[in-house]
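Undergrad: Okay, handing you the structure first.
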Amino acid sequence: MEHIVIIGNGISGVTAARHIRKLSDKRISIISAETDFFFSRTALMYVYMGHMKFEHTQPYEDWFWKKNRIDLVNAYVEGIDHKEKTLRLKDGADIRYDRLIIATGSKPNKFGWPGQDSKGVQGLYSKQDLDGVEKYAPNNKTCKRAVIVGGGLIGIELAEMLRSRNIPVTFLVRENSFWNGVLPSGESQMINEHILEHHIDLRLATNLTEILPDEHGRVKAIKTDKGDVIECEFVGLTAGVSPNIDFLKDSGIEIGRGVKVNRLLETNITDIYAIGDCAEQHEAIGNRRPIEAVWYTGRMMGETVAQTICGNKTEYKPGHWFNSAKFLDVEYQTYGWVFSERTKKDSEKHFHWRHPKEKICITVAYHSDTNKFLGINTFGIRMRHEIFDRWLTEERNVEYVMEYLKDANFDPEFYAQYETDIVAKFNTEMGTSITPKKKSWKRIFKIA
Amino acid sequence: MKIIKNIGLIIFLMGLTIFAALPVVGTYSLSPKQFGDFVGQKGIKSDLFISDIQENVVGQNFEGMFSFAPKVTHALDAANAQHRKNKEYKKIIYTKPHDMAAELGKISGSGFIVENKGLMWFLTFGLGIIGALMFILPNVVLLGKKGIKNNGIYHENATNRGWIAWMVFIFLVSFYLILYFRSEYAVNWTYLVDPISQSLSGNLAGQWFVYGFMYCVVMVVMAVRMYIKYRHNMYQMVRTTSVLFFQIVFAFLIPEIMVRLQMPYYDFKNAFPLDYDFFFQWNLKSLLNSGGIGLFILVWGIVLTVVIVPVMVYFFGKRWYCSWVCGCGGLAETLGDPYRQHSSKSLFSWKVERWLIHGVLLFALVMTGFTLYGFFAETGTVLGIKVQSIMDTYSFLIGAVFAGVIGTGFYPIFGNRVWCRFGCPLAAYLGFVQRFKSRFRITTNGGQCISCGNCSTYCEQGIDVRAYAQKGENIVRSSCVGCGVCSAVCPRGVLKLENGPEQGRINPTEILLGNDPDLMELVNRK
C-alpha cells in the first residue's frame, strides 16, 4: 500500500490527510515534533486568556486518528533523502515514504537584533511559544512590562493576550499607522484609536534596535531607534513569519524563501509536495503573494494536494481572496482586494464609511473607469462570504453592491443595520441615487 | 471598583449564610387550639395520629426543626402502619410524612423569625440581592470596552470546577433535596416570603412559593449580569429580556393571581410534556371542575402542545421556547451562563444524550397514555400496572431528581443545560420538529472558520459546533436551543442564527468556499 507521509500536523497537513483518507485507502502518517494531536494554532491566544483549555483547541477527539487510520508520529525530521525516499529523524530512526507532503509551516522572523536570543524573547506561533508566554509573562508581578515588536495580526493578538492579565504592553510598530501596508488609512487609523482605548502603549514609526539581557541571559530592557530604553521582562517578536524549512537545505529540493512549488503543489523532486505556509509559488497567483501564510490558504492547498495525490491531478486555483481577523474587540473581514494607499494602483478607488461613534467602518474598492467592484473591508460588521464571492465572480459594479448590500449582511439578529447610512454617504459622494433593496432570501439562496 | 465588588461579595455571603442557616434554627410550639383547627381543616380521621401528636408535640417547645420533624413523621408512619394492619383504610392519612411535618411546622413556628418576617427577608434575600448587585455592577467599568468578555474563565476557581464550584454544587443540590424531599426544613424560608405571597394570592407561602420567588430574584440579578456581559450583542439583550418577562409574568405572577381569583393555578407557557402532570387525573378533574377557565386551560394546554409549539418551531426553531420563553431555559441562561462551557462535547455524550432524552419522552408519553386510559376507563389499573405508581415514579425520577436536583444542582460541574439536553421531553419533541421540519439553522459563513473552538467550548448544549463550521456546513441539530452564544463568541463572524427557506438548509460541503470553484463543484456534486 502506498505510504503517504506528511511532515507537519497543522491545518494544511491535517486537511491533506483527511481528504486523502476520504478519497483513498492509502497508508497515511503525519509527523510532528510540536504536539501529539492537531490543534488550532489560531486559538492559542484563547488558552492564555482563559477562554479555553488547550484541549478545546483540538478539533478532533483523540480517537479520530486511529479510527481514520491516520498514524501520528511524534518526531523531528532532520533531513530528507529523496533518492532513497527516506526521512531521517532526530532520534536516529528512518521513515520510508512513497509520497511526501511538506507542511512544516512558519517560524517567527528574527532580524538579527542584538540580544534576540535572550530568555523571554520569542514569537507567538507554536505550542512551545504559548508555553513560553505562560512562563515569562504569567502575570503582572513576574512581568511588569512587555514589549511587542511588529504591528501585524499576531502582534495585536499578543498585546490582547498580555492585557488580559493586566500586563502593561508597549507596542512598537515600524509603520506610522497600524498595519497600513495592508489597510487603507481610515481603517488603520480606527484601529490605532482602538489600540489606545485598550491602554496599550502604541509607539508608531518606532523600531527595535537592541535587546538587553541581564546577567542570567534574561531580557531586562530594549532600546528603540528613538533612543528610548524600555525596561521589560518579556519581548514578543511579531514582525512576520517565514517558512520553516531549514532542515531542507542541501536536500536537493529547490527552495527560495519557501519550498518552490508549481501550481500542482509539486516540488522539483517527483513525489514530494509542499503546501501551506512553507510553500512558495514560482509565480504569484493573481494579486496573491507567492508565499501565503494564511489559515485558509493552507487548508485549500491541503484540499487540493489530496486530489492530486489520489489521482485527480488538480491545480491549486484559489478563488476570490478572503480573510478575517479580530483586532481586540473589532472583527475584520475582507472579500476581494482592497489595497492600502501604499500598495494600491491608481485605478483602484475607495469608498469609505465610518460610524460616527462606534468602531465600525467599511471600505469598498472599485475600478475608477468601469466602477467594477474589486473588494470590501468591513470592521464591526459581518458579511456573507457567499454573496461577495458571487458578486466578485459576476463582476458586479459598485452601485450594484450598494443597492443589494443588505443581502450581504451577516450580523446577528436584532443588530443595528447601517446599510441605509452607508448608501446615503455613497450617494452624496458619488452623485448617485441608489435606494438599498430589502434583504431577499430568494436572491441570497438563488431561488428562482 | 474592586473594593465595591469585594464588599458586595461579603454582603452576599452574609445573606447566603443566614439563608442557609435557617432550615436548622427556630422555635416550634404547637398549641392545642392550633392543632385542633388543623385537624379539622385537613379532615384527619386518624385517632392514633391525633393522640400521638397531642401527647408528644402539642404544648411543647422544640428548638430547631431537627427535634420537631421526627416526632411528626414517626407519628404519621406509625399511625398509618397500624391502620393498614387493622384495615382501617378510611383513617389512613395520605399526606406524605414530610409534607405533614412541614404543614404542622408552618403553624407552630414562633419566635424571632416569625415575628420579624420583613427584617428576616432583608437579611437573606435583601442582603443577597444588594451584595450580588454590588458584585456585578462594577463590571460595567471593570470589563472595559464592550465585546466578548471571557477572560479568565478557565483560570477562575468558580468557573473551572474548582472548590467554589463544588461548594455551589453542594448548596444547590442540598437546596433541591430540601425542596423536593424534606420540605419541613424549608418552613423558615416560607416565613420570609409570607407577606409577598399574601399580597399576591392571599395565602401563606409554601416551599414552592419560596422557590418561585427565589427563581425570579435569581434570574433578575443574573440577567443584570447578562446585560452587562453581552451589552454589545442585541440578540442576547432581547432574549434575556424575553425569558425574564415570561418567568416573572407567566410562571410567577399570573398563576398566583389566578389563585386569588379562585381559578386553578396554571402557567400558560408550560407546555406538555414538560408539564408532565397536565393529563394527570387530579389535574383534569380540577380543570373540569373549574368552569369556563378550566375548560379554556384544558383546550389551551392541548392546542399549545399540538399546534402552537410545532408551528412556532417550524418558523423560528425550538429557540422560541427553550431560550426565549421556558423557565428552565431562563434559569440556565442567567444563573447558568457562567457554567455553559462545562457541557461535554464528546461523541460519547451525544450518544448518551440521544438515548436519555428520547427515553424520557417515551416514558412521559407512555405514562400519559396510561393516565388518560385510566381517566376515561375510570380505573386505577391499566395492563395490570397501577397508574399511580407510574406517575409516582416519573414524578420522583424525572420531575424531582432529574429536572431539579441534577438539572440545576449540577450546573457548576456539567454545565447549565443538563436537564434541557439530557432529560426534557418537550425539548426532545421540539428537537424532532427542528431537525426535520423547520426554517431555523445556524448558517456557517462560507470558508471563514478557523477551527478555533470558541463556539464548541461555549455551546451549553454540548454541540460540537466547530465540527460543522470548519467543514462549511450549516448547523442543523435537534438539540440546539438557539441561545446565540456560538455566534457571539466567534472571532471571525462565521455563525449566524437565522430562519430562512428550507431549501439549502442542510448543505453538505466537502471542499470549502474560497478554493477552486470547479473543484468545489466537482466534489460537492457527488
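No value in this document is a laboratory result; all are computed from the given coordinates. This one's a predicted model, so the numbers in the text were calculated from it and none came from an experiment. Counting neighbours? That spans all protein chains shown, and the Cβs are built from the backbone with ideal geometry, glycine included.
Undergrad: So what is the 222 nm mean residue ellipticity for chain A from helices alone, if each DSSP H run of at least 4 adds -39500 (n - 2.57) and you divide by all residues, rounding to the nearest 500 deg cm²/dmol?
TA: -7000 deg cm²/dmol
Undergrad: Further question: Write down, largest first, the equivalent ellipsoid semi-axes of the stretch B:446-497 in whole Å, where each equals the square root of 5 times an eigenvalue of the alpha-carbon gyration tensor.
TA: 15, 11, 10
Undergrad: Hey, another quick one. Peptide B:235-244: average number of partner chain Cβ atoms within 10 Å per residue?
TA: Per residue, the average neighbour count from other chains is 1.
Undergrad: Test of understanding: ordering A:300, A:161, A:190, B:167 by Cβ neighbours within 10 Å, fewest first, what list do you get?
TA: So the ranking, lowest neighbour count to highest, is B:167, A:190, A:161, A:300.
Undergrad: Can you grab the distance from the C-alpha centre of the stretch B:364-431 to the C-alpha centre of the stretch B:476-526, Å, no decimals?
TA: 36 Å
Undergrad: If you only keep lysine pairs separated by 8 or more in sequence, or across chains, how many in the stretch A:121-239 come under 21 Å at the Cα atoms?
TA: 6
Undergrad: Cut-off is 10 Å between beta-carbons; in what order do B:490, A:361 appear when sorted fewest neighbours first?
TA: By the 10 Å Cβ count, ascending, the order reads A:361, B:490.
Undergrad: Counting each DSSP H run of 4 or more residues in chain B as -39500 (n - 2.57), what helix-only mean residue ellipticity at 222 nm follows after dividing by all residues, to the nearest 500 deg cm²/dmol?
TA: The helix-only estimate for chain B comes to -17000 deg cm²/dmol at 222 nm.
Undergrad: Which of the residue pairs B:5/B:149; A:22/A:53; B:85/B:106; B:471/B:496 have a Cα-Cα distance greater than 22 Å in the structure shown?
TA: Result: A:22/A:53; B:85/B:106 exceed 22 Å.
Undergrad: Dipole size in debye (nearest 20) for the stretch B:152-336 around its Cα centre, Lys and Arg Cβ +1, Asp and Glu Cβ -1?
TA: So the dipole magnitude of the stretch B:152-336 works out to roughly 460 debye.
Undergrad: Per 5 Å bin, what percent of the C-alpha pairs of the stretch A:121-239 does each bin hold, from zero upward?
TA: Percent of pairs per bin, in order: 2, 12, 23, 25, 20, 12, 4, 1, 0, 0.
Undergrad: Further, regarding this structure: Could you tell me how many degrees, from 0 to 90 and to the nearest 10, lie between the Cα long axis of helix B:291-303 and the main elongation axis, the longest principal axis, of the Cα atoms of chain B?
TA: 30 degrees
Undergrad: Alpha carbon centre of the stretch B:45-118 versus the stretch B:209-241: separation in Å?
TA: The two parts, judged by their Cα centres, are 40 Å apart.
Undergrad: Report, ordered by chain and residue number, the aspartates and glutamates lying within cross-link reach of residue A:357, taken as a straight Cα distance under 19 Å and ignoring same-chain residues fewer than 8 apart.
TA: Qualifying aspartates and glutamates at Cα under 19 Å: A:187, A:193, A:197, A:329, A:331, A:411, A:419, A:421.
Undergrad: Give the Debye-formula value of log10 I(q)/I(0) at each listed q (0.10, 0.13 Å⁻¹), with one equal scatterer per alpha carbon of chain A, two decimals each.
TA: -0.82, -1.28
Undergrad: Also, I was wondering about something else. Shape call for the stretch B:437-525 from the C-alpha gyration tensor, a ≥ b ≥ c root eigenvalues: rounded (a/c under 1.5), prolate (a/b greater than b/c) or oblate?
TA: Oblate, since a/c reaches 1.5 and b/c is not below a/b.
Undergrad: Please report, to two decimal places, log10 I(q)/I(0) for chain B at q = 0.06, 0.08, 0.12, 0.13 Å⁻¹ as given by the Debye formula with identical point scatterers on the Cα atoms and no solvent.
TA: Log10 of I(q)/I(0), two decimals: -0.34, -0.59, -1.23, -1.39.
Undergrad: Out of residues 5 or more away from residue A:241 or on other chains, whose amide H comes under 5 Å of its own, with H placed 1.01 Å from N in the peptide plane?
TA: A:109
Undergrad: Could you tell me which of rounded, prolate or oblate describes the stretch B:166-268, using a ≥ b ≥ c as the square roots of the eigenvalues of the alpha-carbon gyration tensor, with rounded for a/c under 1.5 and, failing that, prolate when a/b is larger than b/c and oblate otherwise?
TA: Since a/c reaches 1.5 but b/c is at least a/b, the shape of the stretch B:166-268 is classed as oblate.
Undergrad: Can I ask one more? For residue A:220, enumerate residues with amide H under 5 Å from its amide H, sequence gap 5+ or separate chain, H modeled in the peptide plane.
TA: Here the answer is A:212, A:214, since their amide H atoms fall under 5 Å of that of residue A:220.
Undergrad: Straight-line reach from residue B:269: which aspartates and glutamates have a Cα under 20 Å away, not including same-chain ones fewer than 8 places off?
TA: Straight-line reach from residue B:269, under 20 Å: B:256, B:277, B:333.
Undergrad: Moving to a separate point now. Please compute the average number of Cβ atoms from other chains found within 10 Å of each residue's Cβ in peptide B:507-517.
TA: If you average over the peptide's residues, the count of other-chain Cβ atoms is 6.
Undergrad: Another question, if that's okay. In whole Hz, what ³J(HN,Hα) sequence does the stretch A:249-264 give by Karplus (6.51, -1.76, 1.60; θ = phi - 60°), x for Gly and Pro?
TA: Working through the residues one at a time gives 4, 6, 8, x, 7, 5, 10, x, 6, x, 7, 5, 9, 8, 5, 8 Hz.
Undergrad: Using a 10 Å cut-off on Cβ to Cβ distances, tally the other chain neighbours for every residue of B:144-153 and report the average as a whole number.
TA: 6
Undergrad: What spacing in nm lies between the two simple spin-label points modelled at residue B:54 and residue B:308, each 7 Å away from Cα in the Cβ direction?
TA: Output for this residue pair reads 5.2 nm.
Undergrad: Moving on. Apply the Karplus curve 6.51 cos²θ - 1.76 cosθ + 1.60, θ = phi - 60°, to the phi angles in the stretch A:319-331 and return the couplings in whole Hz, x for Gly and Pro.
TA: x, 5, 4, 8, 6, 7, 6, 9, 9, 6, 9, 9, 7
Undergrad: To make sure I understand the rule: partners must be lysines, Cα under 23 Å from the Cα of residue A:349, and not fewer than 8 residues away in the same chain. Which ones qualify?
TA: Partners found: A:359, A:372, A:406, A:425.
Undergrad: So for the stretch B:27-110, what percent of the C-alpha to C-alpha distances run longer than 15 Å?
TA: 52 percent
Undergrad: Spelling out what I want: for every residue of the stretch A:10-20, take phi, set θ = phi - 60°, compute 6.51 cos²θ - 1.76 cosθ + 1.60 (Karplus), and round to whole Hz; glycine and proline get x.
TA: My calculation for the stretch A:10-20 gives x, 4, 5, x, 5, 5, 4, 4, 4, 6, 5 Hz in order.
Undergrad: Taking amide hydrogens as modeled 1.01 Å from N in the peptide plane, which residues meet the under 5 Å criterion relative to residue A:360, leaving out close sequence neighbours?
TA: For residue A:360, the qualifying residues are A:355.
Undergrad: Hey, another quick one. Taking a temperature of 20 °C and a viscosity of 1.002 mPa s, what whole-number D in µm²/s does Stokes-Einstein yield for the protein assembly as shown with Rh from Kirkwood over alpha carbon pairs?
TA: 67 µm²/s
Undergrad: Find how many whole Å separate the alpha carbon centroid of the stretch A:405-437 from the alpha carbon centroid of the stretch B:135-202.
TA: That distance is 44 Å.
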